[in-house]
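The values are calculated or read from the model by the stated rules, or taken from the named source; none is laboratory data. From a predicted model like this one, the values you see are computed outputs, not experimental measurements. Using ideal geometry, Cβ is built from the backbone for each residue, glycine included, and neighbour counts are taken over all protein chains shown.
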Amino acid sequence: MTSAALSHSIATPQIMAANFLNLLIVDDERSIRDACREVALSLGFMAHVADSAEHAYRILQTQSIDAVLLDLRLPGAGGLEALHHIKAQRPEALVIVVTGYGTVQSAVQAMKNGAYEYVTKPFSIDELKLLLERVSNHLKLKSENRMLREKLKSKQGYGGIVGRAPEMEKLYRIIAKAANSSHPVLILGESGTGKEMVARSIHYSGPFHDKPFIPVDCGSLVPTLIESELFGYVKGAFTGANQAKDGLLAIAEGGTVFLDEVGELPVDLQAKLLRAIQEKEIRPVGSTRRIPINVRILAATNRLLEQAVTEGTFRRDLYFRLNVLSLRIPPLRERREDIPLLIAHFMERSLRSSAQEKILTDEAVKVMLAYDWPGNVRELENCLERTCAFTSGPLIHVPDLPPAIAGTQVAAPSNGNGHGHALNKIVPMAELERQTILNAIAELNGDKLQAARLLGIGKTTLYRKLKDYAAQS
Ligand SMILES: Nc1ncnc2c1ncn2[C@@H]1O[C@H](COP(=O)(O)OP(=O)(O)OP(=O)(O)O)[C@@H](O)[C@H]1O
Ligand SMILES: [Mg+2]
């Protein structure tokens with residue numbers, strides 16, 4: 001590649017005014033530096049150039065560099081040493097190393113030492129563009145996640161949702177989006193996964209957080225009571241209605257009504273709720289007058305509402321109204337990596353209400369990691385609360401846990417023939433493929449076409465596989 005060839009093929013550089021990423025190009029060959037700089041600028045990067053490792057270190061001291069394109073064949077210090085310095089100076093920077101043809105060995109070494117990617121010289125503009133686009137997507141995702149984490153942290157007490165599994169990070173992004181819109185959101189998840197917590201988090205991270213958040217449990221109230229609770233009633237509307245009462249949809253004015261277990265709503269009430277949402281007004285029981293309402297609806301269910309729609313027990317039109325945005329909270333057994341975080345969170349909380357610090361033994365944690373948690377986070381929370389209350393010493397052993405959990409079979413350690421442990425670690429190919437595909441899509445911010453291209457599979461194949469995964473889950 002030559003810089004002359006490049007300048008013909010690249011459109012006028014367009015630097016994005018805000019939020020640009022800083023790329024440092026380190027190469028002793030001027031033509032390469034210039035060429036890479038042009039590509040970087042065309043993609044909206046702010047480009048800095050250095051002709052030696054020492055020059056690069058000076059730039060790193062004064063500029064907030066997000067990514068580095070580093071030639072491994074630098075005179076003097078040498079590329080691997082430069083990589084070490086750069087990672088020490090700015091650990092979060094993504095470093096792409098550039099190697100000459102036939103020196104892939106050093107690139108492999110560089111990857112082991114923390115490089116993000118490598119590219120071999122000579123490379124084409126398209127190759128470089130693709131690589132820098134990936135870097136840019138990765139960095140944007142990282143900064144989005146960071147911002148979201150900060151935001152959720154500052155919202156502790158409202159949200160306080162614990163979990164770092166990729167599915168949870170995805171959930172936080174949807175929560176942030178949902179919080180800033182006023183559309184209904186349907187929250188799906190098994191019992192105890194945190195549906196109400198997510199609903200609160202959507203409300204309290206949004207612009208109307210100072211207005212009421214009112215949960216209504218459609219599953220535990222008798223139908224007539226739900227109607228009078230939601231819509232209110234006038235004096236004398238029914239026996240015992242000695243005075244008028246405002247409905248929750250009116251009381252929540254400007255805020256949110258959270259309809260928990262919405263799938264349990266009787267069909268005639270579904271029609272009334274649909275009308276209330278569509279026409280933005282309600283008619284209290286026993287009244288002929290309509291009252292305008294201004295309220296956001298969040299709904300949750302642990303039932304398969306689509307199935308209920310097909311069976312005719314849930315109105316299709318209401319389902320579409322509630323399902324403008326939907327999010328699914330994964331069950332705990334699908335994100336076991338969050339179990340230690342949740343244990344730490346609940347143990348810390350129990351410490352605040354007890355005099356003695358309690359610690360779970362390694363074996364107890366292992367058992368908890370292996371257990372399936374059909375009651376999800378709620379079950380984990382209850383388990384720790386009960387266990388802490390009933391264990392007298394500072395250590396919590398396996399037998400101190402509730403029997404259903406204590407009896408969990410933990411994958412056996414090596415049994416002496418050398419295979420036991422290794423066999424437990426073997427993951428089926430199909431699962432590896434699934435993880436690779438889902439990770440690639442997450443990494444690329446949901447860009448499936450790009451993911452298919454980088455994974456080297458056709459987009460039809462990718463879509464087919466995603467459909468299969470959805471059907472399996
Ligand atoms: N990710 C989480 N981080 C911290 N606590 C959580 C999390 N998820 C759930 N919890 C806790 O677990 C309990 C159950 O959560 P929540 O009531 O929101 O679940 P749910 O899905 O509405 O359950 P149900 O279907 O039983 O009504 C609550 O005490 C909540 O504080
Ligand atoms: Mg609930």
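Of the residues that sit in the stretch 163-185 and are closer than 18 Å to Leu341 by Cβ and in a loop (DSSP other than H, G, I, E, B), which one is farthest from ligand 2 (Cβ to nearest atom)? Steps first, answer last, please.
Here is the first cut: in the stretch 163-185, the residues closer than 18 Å to Leu341 by Cβ are 163-172, 175.
Remaining after also requiring in a loop (DSSP other than H, G, I, E, B): 163-165.
On the way: Gly163: 17, Arg164: 23, Ala165: 20 Å.
Of everything passing the filter in the stretch 163-185, Arg164 is farthest from ligand 2 (Cβ to nearest atom).
Any idea which of (1) surrounded by 13 or more Cβ atoms within 10 Å (Cβ to Cβ); (2) at pLDDT below 90 is the one Pro374 doesn't satisfy?
Tallying (1) surrounded by 13 or more Cβ atoms within 10 Å (Cβ to Cβ); (2) at pLDDT below 90, Pro374 fails exactly one: (2).
Please count how many residues of the stretch 52-81 are surrounded by 21 or more Cβ atoms within 10 Å (Cβ to Cβ) and in a loop (DSSP other than H, G, I, E, B).
4
Between Leu351, Leu342, which is touching a Leu at 6+ places or on another chain (Cβ under 8 Å) and surrounded by 13 or more Cβ atoms within 10 Å (Cβ to Cβ)?
So the residue among Leu351, Leu342 that is touching a Leu at 6+ places or on another chain (Cβ under 8 Å) and surrounded by 13 or more Cβ atoms within 10 Å (Cβ to Cβ) is Leu342.
Take residues that are within 28 Å of the chain's Cα centre (by Cα) and not assigned by TED's automatic domain parsing to the domain that holds Ala176 and tell me which of the helices (runs of 4 or more DSSP H) falling wholly in the stretch 276-395 contain 3 or more.
So the answer is 339-352, 362-370, 376-390.
Can you find, within the stretch 86-143, the residue that is nearest to the chain's Cα centre (by Cα) among those that are within 20 Å of Ile59 (Cβ to Cβ) and hydroxyl-bearing (Ser, Thr, Tyr)?
Ser136
What are the residues in the stretch 186-218 that are near ligand 2 (Cβ under 9 Å from one of its atoms) and charged (D, E, K, R), if any?
Selection gives Lys195, Glu196, Asp217.
Which ones in the stretch 368-393 are away from ligand 1 (no atom under 11 Å from the Cβ), among the polar types (S, T, N, Q) and in contact (Cβ under 8 Å) with a residue 12 or more places away in the chain?
Thr387, Thr391
Suppose we filter the stretch 165-192 for residues that are crowded, with 18+ Cβ neighbours inside 10 Å, of a type in the set (A, V, I, L, M), touching a residue at least 40 places away in the same chain (Cβ under 8 Å) and closer than 27 Å to Leu274 by Cβ; how many remain?
Residues in the stretch 165-192 being crowded, with 18+ Cβ neighbours inside 10 Å, of a type in the set (A, V, I, L, M), touching a residue at least 40 places away in the same chain (Cβ under 8 Å) and closer than 27 Å to Leu274 by Cβ: 6 in total.
Of all residues in the stretch 438-473, how many are closer than 22 Å to Ala165 by Cα, of a type in the set (A, V, I, L, M, F, W, C) and surrounded by 13 or more Cβ atoms within 10 Å (Cβ to Cβ)?
7
Can you tell me which condition Val98 does not meet? The list is (1) free of Cβ contacts under 8 Å to residues at least 60 places away in the same chain; (2) within 16 Å of Glu29 (Cα to Cα); (3) in a strand (DSSP E or B); (4) among the aliphatic types (A, V, I, L, M), and all the others hold.
Going through (1) free of Cβ contacts under 8 Å to residues at least 60 places away in the same chain; (2) within 16 Å of Glu29 (Cα to Cα); (3) in a strand (DSSP E or B); (4) among the aliphatic types (A, V, I, L, M) one by one, Val98 breaks only (1).
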